[in-house]
Amino acid sequence: METENTLAKNITAAADKAAYDASCKRLLANKNILAWILKGCIEEYRDCDVNDIAECYIEGEPHIAETAVNPDEEIAGKGGQIRGSQTEDSTINEGTITYDIRFYAIAPRTNEPIRLILNVEAQNDFYPGYPIIKRGIYYCSRMVSSQYGIEFTDSHYEGIKKVYSIWICANPPKYRENTINRYFIQEEHLIGNVVEKREHYDLLTAVMICLGHDGAKNDTGILKLLNVLLSSEKELGEKKKILREDFSIPMTQTFESEVQTMCNLSKGVEEKGIAIGKEIGKETSTLQAIKNLMETLKLTAEQAMAALKIPDSDREKYTRMLNS
């Protein structure tokens, strides 16, 4: 049987990664998990019991990858074009960018609804070509502006509801591991001491949760929960024990099955990533050896590959790499 080439392995790994990401989203959309995230990251819920948050304050069922960030990006019929979409933002869903997890919750003290987005960046680069926090603030802005015609009309801006965008990064750089940062609007007195009511301007907050491979030392809160839940190293039994005993997460059949699925997928993603890395490393070393022979012994590419006993089936690939 012919060995999979790097492209094929990358395609397979991408499929596994997509399945893993989807599994992460389903786990994090569990109301009991969301309740811990709200308690650990959002000041409105800091003093609430997690069971009350799950049962009383989170409304309905969270939407997973259903709501478009830009409402004007709609599919004009099957196979149609997306208005306003950009090629660099296109996804398998024909260009529509969707929020990972979006849901509503009631603020305990005011009983006002809050819009919340939970964005899972579990397998993405921390530096995707732009600062992630800027995307988080953009998502907040979109949630505010999209309330027009729903929460308020005309000039009734008093109807705007507060929004949050929470980002969970499982692979941050070392210096950001096991940290939680919050970004919000605050009042600054430049001249005088006039105080505006906070609820009039405190309308959007972005939160960055950065996990760590070793977990937060002595931590018993949200960082520990997420590090355990999304760990690719802990076995199913250990995860279940910690989630049940330390966080009182009910081990329903559906939830346990999802944890098992993610454990299996995470191992597959990790193993394929290691295999692809080794193959790319091998190709790089071989390519450099060919170049060295060509330069030092003045051999042609074909002569250098023959001297290195590179199989005929691989020579076309290295020829392309030399010419690229």
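Amide H to amide H, with H built 1.01 Å from N, S165 comes under 5 Å of I117, T205, A206, V207, counting only residues 5 or more places away or on other chains. Largest accessible area first, the listed residues Y104, Y164, Y157 line up as Y157, Y104, Y164 when surface is computed with a 1.4 Å probe on the assembled protein chains. Rolling a 1.4 Å probe across all protein chains gives S155 an accessible area of roughly 90 Å². Relative to the current alpha-carbon distance between Y138 and E235, full extension at 0.36 nm per residue lengthens the span by 31.2 nm. For the peptides 294-307, 239-252, 134-147, 32-45, the ranking by packing is 32-45, 134-147, 239-252, 294-307, with the highest mean count of neighbouring Cβ atoms within 10 Å listed first. The phi torsions of the range 194-210, fed into the Karplus equation with coefficients 6.51, -1.76 and 1.60 and a -60° offset, translate into couplings of 5, 10, 8, 4, 4, 5, 7, 10, 7, 10, 8, 9, 10, 10, 10, 9, 10 Hz, rounded to whole numbers, with Gly and Pro shown as x.
Take the Cβ-Cβ distance between Y201 and T284 as r, set R0 to 41 Å, and report the resulting FRET efficiency rounded to the nearest 0.05. Don't skip to the answer; put the middle values down first.
Working: r = 53 Å, r/R0 = 1.30.
Between Y201 and T284 the formula returns 0.15.
Which of the pairs K134/K240; K197/K224; K134/K239; K31/K241; K39/K239 have their Cα atoms more than 27 Å apart in this structure? Result: K134/K240; K197/K224; K134/K239 exceed 27 Å.
Of the peptides 50-58, 201-209, the ranking by mean beta-carbon count within 10 Å, highest at the top, reads 201-209, 50-58.
The values are calculated or read from the model by the stated rules, or taken from the named source; none is laboratory data. Everything numeric here is computed off the predicted structure, so don't read it as measured data. Positions of Cβ are backbone-derived with ideal geometry, glycine not excepted, and every protein chain shown enters the neighbour counts. Side chains included, ligands, DNA and RNA excluded: accessible areas come from the protein's heavy atoms. Shrake-Rupley method; radii C 1.70, N 1.55, O 1.52, S 1.80 Å.
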